[in-house]
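Please read the structure below before turning to the comments.
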Amino acid sequence: MEAEASPFESSELVASFLASTPLLSESWRLCSVANASAPLGFVSERIGDVGYFAFSACSTQMITEGSEYYSTCRNLVPLDSAGAGAGDGLFSVLTKSSNSSINGEEDEGAVMVHAGLLNLFLFFRSSRAFQDQMLALINGSKSIVITGHSIGGTTASLCALWILCYLQSVSSTLSVLCITFGSPLLGNASLSRAILRERWGGNFCHVVSKYDIMPRLLFAPLESCTRQLHFLLQYWQMSMSASSPGNFGQSPVLQLGEEEKAQLFSFISHSNLLVSSVAQAEAREEKANSLYWPFGNYVFCSQEGAICVENAASVIEMMHLMFMTGNPSCCIDDHLKYGHYVGKISSQFLSKKSFLQGEVIPESSYEAGVELALQSSGISKQEPAARPAEDCLKKARGMRHMRTPSLNAANLAIRLSKVVPYRAQIEWYMASCDKSDEQLGYYDSFKQRGSSKRDHKVNMNRLLLAGFWNDVLRMLENNELPHDFHKRSKWVNTSHSYKLLVEPLDIAEYYRSGTHRIKGHYLKHGRERRFEIFDRWWGQREVGPEENTSMRSKFAGLTQDSCFWAKVEEATEWLANVRSESDARKLALLWENINNFERYATRLVDCKEVSKDVVAKNSSYSKWVEELRELKSQMQQIHPQFPRFNGELFP
């Protein structure tokens, strides 16, 4: 029988880590400072090697955008809008990953976020003070914690996403963690999926108290209670700014009436149908892109303890079930009590509860884990919400496929060994092409292949390997593999070797089938997303000094640019266009492209960064070189001032 896995493996790790470090307490302390006295809307501080950046929930801009947040709560806009996408490239990593799936098909929809909160972050980012403080933290810290309370927490999430996108673009190893307290939701399901694809779910921890109404607001229809919401927002902000840190909610300046509290509680409590439909849609893998959706880890805290949940559908259910055990007053005041909960989390995680006082001891570690999690959520066994909450926690475990990520990785290694023969057969095919009297080389032999059994077998092996690697990435994006999986040398090296061996065959098939005439050239319109991911893994690996100094004495076993042949195909088209182009400006651009490619290809060949099939007598590249030689010779005869072909590039 397979060993029983921990039902809360990832959540236990996250919770234990936070409980055993000062990250939570320091983050909340800085949030308190920002809420009470941050005229700029944010504060920063460095403690040792850790830099903290906290967004206030009480600045003037927060009040303005916060009012818009509630009055237009369904106002989702693409993340690449408002100058945050293609123009500035602030979130290009996320928006690019949402445009195509692993199989090259269109994904479920655009990454969407709330318009008001996106504008709020862009407002902060445009300020010189923000830029100076953030740059100082990035340059002077080994890790950064971005934090915020209430709307400030959602702004912190956007800020963390921006930093993660930037750090990835410059291949930085700086660690980033975002911790929010009572933060409302930010975006749709596509945002959540994009974050999972980038393996950033573990970079976000959202602390949510048992009754806090704020994180749950967007699960209810709010259009008919805009006045109460605006009043509530003012009440919270005045309470935070008028009170000393740690004593929020004591301000006598403004008090919400019992009737307004009851109305708000009723709106949220009666959102059962929406919550249920959202969770069921996720279970059926339906599209829910018009709805707000959680991402990252959620730490639900109560007087009895805390639990950490990462599955989005389970987060939604737990939000609803825990809230249903409250009342109108506590759902308003709980938003101001995070200092109290943060102080209790560490001690309660350090002293695990036992099943005493006559309760039946669970028969297995699995049942014990569910029981402890239910107890920590603050839901009593006697409450109506207990059974649904218990089912929700069990379902969260089921969605982890009853296995730990480490066990999944071990099983995946076994699967890898079973697909090795597919690769070996392709390598044999490549060697046979090099020895062929046709002297076409690996790429052109496959592109011009016939209907022989050998050719069919190689093509099938190509597709089988693609299926295996797509499964690997799918598991990685679903958090079924260890968080450092993409950094392990075994998988980085194996995926890179696969890319170098098989992508030339994908390129050959792309041009053989004429797909480039329909979609456009391979590099921009045909490259599978898995190859882009493997490029990133390889670029972010740890490089030893020998890799930077070693020089090749013979041609590489595999061409080190897996897209080389796609570039040859484009260069071949440029040569054809040169012969027919009459527009001087377009002709000059074509020659510039040709010369750039010639310089690039010549360097690869001279450095022996290509395999010997590239320089085979009848390869596409060898033919391109000869055609360029003849064309330049013809041009020199017509126009004597045209440079001779002597290895130098046409300026």
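If you go through the stretch 211-231, how many residues are open to solvent by 10 Å² or more (accessible area, probe 1.4 Å), modelled with pLDDT under 65 and not in a helix (DSSP H, G or I)?
Adding up the residues that qualify gives 1.
In the stretch 497-518, how many residues are of a type in the set (A, V, I, L, M) and farther than 16 Å from residue 559 by Cβ?
Selection size over the stretch 497-518: 1.
Restricting to the stretch 434-446, give me the number of residues that are surrounded by fewer than 20 Cβ atoms within 10 Å (Cβ to Cβ) and in contact with a helix residue (DSSP H, G or I) (Cβ under 8 Å, 6 or more places away or on another chain).
Result for the stretch 434-446: 3.
Kindly establish whether residue 387 is at negative phi, in a helix (DSSP H, G or I) and modelled with pLDDT under 90.
yes
Considering the stretch 609-623 alone, what residues qualify as being among the aliphatic types (A, V, I, L, M) and either under 11 Å from residue 445 (Cβ atoms) or open to solvent by 10 Å² or more (accessible area, probe 1.4 Å) (or both)?
Those that are among the aliphatic types (A, V, I, L, M) and either under 11 Å from residue 445 (Cβ atoms) or open to solvent by 10 Å² or more (accessible area, probe 1.4 Å) (or both): 615, 616.
Within the set of pairs 6+ apart or on separate chains, which have a first residue in the stretch 453-467 that is under 15 Å from residue 504 (Cβ atoms) and touching a residue at least 12 places away in the same chain (Cβ under 8 Å), a second that is of a type outside the set (Phe, Trp, Tyr) and open to solvent by 10 Å² or more (accessible area, probe 1.4 Å), and C-beta atoms under 7 Å apart?
Hits for this filter: 458/425; 461/425; 465/419; 465/423.
Being at pLDDT 90 or above and either surrounded by 17 or more Cβ atoms within 10 Å (Cβ to Cβ) or more than 28 Å from residue 438 (Cα to Cα) (or both) is the requirement here; does residue 598 meet it?
Against the criterion (at pLDDT 90 or above and either surrounded by 17 or more Cβ atoms within 10 Å (Cβ to Cβ) or more than 28 Å from residue 438 (Cα to Cα) (or both)), residue 598 qualifies.
Is it fair to say residue 451 is out of contact with any Asp or Glu (no Cβ under 7 Å at 6 or more places or on another chain), hydroxyl-bearing (Ser, Thr, Tyr) and not in a helix (DSSP H, G or I)?
Considered against the rule, which asks whether it is out of contact with any Asp or Glu (no Cβ under 7 Å at 6 or more places or on another chain), hydroxyl-bearing (Ser, Thr, Tyr) and not in a helix (DSSP H, G or I), residue 451 comes out as yes.
Which residue pairs have Cβ atoms closer than 8 Å, lie 6 or more positions apart in sequence or on different chains, and pair a first residue in the stretch 439-450 that is closer than 16 Å to residue 563 by Cβ and at pLDDT 95 or above with a second residue that is among the polar types (S, T, N, Q) and open to solvent by 50 Å² or more (accessible area, probe 1.4 Å)?
none
Every residue, every condition in (1) at pLDDT 75 or above; (2) not in a loop (DSSP other than H, G, I, E, B), yes or no:
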{"site": "273", "(1), (2)": "no, yes"}
{"site": "282", "(1), (2)": "no, yes"}
{"site": "298", "(1), (2)": "yes, yes"}
{"site": "340", "(1), (2)": "yes, yes"}
{"site": "343", "(1), (2)": "yes, yes"}
{"site": "363", "(1), (2)": "no, no"}
{"site": "366", "(1), (2)": "no, yes"}
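Of the residues that make up the stretch 549-572, is at least one in a helix (DSSP H, G or I) and in contact with a Cys (Cβ under 8 Å, 6 or more places away or on another chain)?
No.
The values are calculated or read from the model by the stated rules, or taken from the named source; none is laboratory data. The model shown is predicted, which means the values in this text are computed figures rather than measured ones. As a convention, Cβ positions derive from the backbone with ideal geometry for all residues, glycine included, and neighbour counts pool all protein chains shown. When the accessible area is computed, the model is the full protein with side chains, heavy atoms only, and any ligands, DNA or RNA have been set aside. Shrake-Rupley method; radii C 1.70, N 1.55, O 1.52, S 1.80 Å.
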